[in-house]
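Step one of this worksheet: look at the structure below.
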Amino acid sequence: DSGSAKTTPEKDDLEYLTPVSIGTPPQVLNLDFDSGSSDLWVFSSELPQSSVSGQSLYDPSKSSTAEEVQGATWNISYGDQSSSNGIVYRDVVNVGGVEFKSQAVEIATTVSSQFTRDTNNDGLLGLAFSSINTVQPQQEKTFFDNILSNLDAPVWTADLKYHAPGTYDFGVIDKSKYTGDITYTDVDQSDGFWMFDVAGYGFGNSTFKAAPFKGIADTGTTLAMIPAEIAGAYYRQVKGAKLDSQQGAYVFPCDSVLPDFIFGVGNARYTIPGKFINYSLLDESDPTTCFGGLQPDMGIGFAILGDILLKSTFVVFDAGTESTPRLGFAKK
Ligand SMILES: NCc1ccc(-c2ccco2)nc1
């Protein structure tokens, strides 16, 4: 098998939403594919109306193939302090033409206010490792893990774009989506993430610094959270940039010309255009102050390489054959 699904950015590329068919007859929900977590959860008919504001709801009672997983529950909280929890069904799930007949579909009975406010996001589809799936008492597998043995190649790929739709592919590496060679690097899955070594960085007129740091490839995070000293050095190149202590984030005059940011994978070098790093207005009411796409990580011990970085490349998430997973990066 192989398949391809179009993914569409919300405003400012806050997140990318991908249609997923669930159940019989198919109920289509737009999910946030998240390589930083491992639960497939959806807004559901079991939520109180006060928690729903326009989202599409999965209703298992309307699916002839839905079966409740008796006694199973789930409960997840994310780095942005959002959270959700509920109970578990199994049902047919189809992503871009690739189908799994008994995927754990975790239906939300509670969602935090951030999710309620995010009106186009109908839930998340986790693509990190199944070892951090939150279902109890028996952990469930991710969609990728479930379909892996049926895929023509043990991979999924992300081709995210700046302010434009992109694609998530499963089981195939589409040569039309990148240029040059793919540079692969080993993944340490011990924390359940796609964690790898960034070989170093560079920006503006500074030369590339071979100072490696660990990071996770996280399609479900908007920005790139990098070591604080690197973020500080980058914004010192931007006239008028400052660390907004209230936000704990760098802001700068919106008319700033931001330097490109270079990151290394192995011997390869990739460029995040400065344009991508001029992420958005800090506040709709102040058109002069903008918010950076590169921000300091919160000292959690690794960088979080989210969409700001990923959208500048074509990324291969490779489960590997002798189960040694790896990440591939290519220019595009
Ligand atoms: N990194 C996973 C993730 C994705 C989306 C969200 C989210 C959307 C609206 C509110 O919170 N939170 C965490």
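A short reminder: the numbers here are calculations on the coordinates, not readings from a lab. Keep in mind that this is a model prediction, so the values were computed, not measured. Methodologically, a virtual Cβ is constructed for each residue, glycine included, from the backbone with ideal geometry; neighbour enumeration extends over all protein chains shown.
Listing for the model above:
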| item | result |
| --- | --- |
| Unsatisfied cross-links (Cα-Cα over 27 Å) in the set K175/K209; K209/K242; K101/K177; K214/K331; K209/K311; K6/K239 | K175/K209; K101/K177; K6/K239 |
| Other-chain or far-sequence residues with amide H under 5 Å of G123's (modelled H) | D32, F43 |
| Ordering of 113-124, 219-230 by packing [mean C-beta count within 10 Å, highest first] | 219-230, 113-124 |
| Dipole magnitude of the range 1-102 about its Cα centre (Cβ charges: Lys, Arg +1; Asp, Glu -1), debye to nearest 20 | 260 debye |
| Ranked by how many other beta carbons lie within 10 Å on average, peptides 186-199, 99-112 from highest | 99-112, 186-199 |
| Mean-position separation - Cα centroids, the range 232-307 and the range 79-158, in angstrom | 30 Å |
| About the Cα centre, charge dipole magnitude for the chain (Lys/Arg +1, Asp/Glu -1 at Cβ), debye | 920 debye |
| Kirkwood hydrodynamic radius (C-alpha pairs) into Stokes-Einstein, the chain, 25 °C and 0.890 mPa s, D in µm²/s | 120 µm²/s |
| Segments 286-299, 82-95, 306-319 sorted - mean Cβ within 10 Å per residue, highest first | 306-319, 82-95, 286-299 |
| Net charge dipole size for the range 174-332 [Lys, Arg +1 and Asp, Glu -1 on Cβ; Debye, nearest 20] | 560 debye |
| nm² value of the averaged projected area, convex hull over the Cα atoms of the range 1-156 | 8.7 nm² |
| Leading residue at positive end of dipole, the chain (Cβ point charges), from F208, F115, Y178 | F208 |
| Neighbourhood net charge (10 Å Cβ-Cβ; Lys/Arg +1, Asp/Glu -1) for I304 | -2 |
| Whole-percent pair-distance distribution, where bins are 10 Å wide, for the alpha carbons of the range 138-280 | 9, 32, 35, 18, 6, 0 |
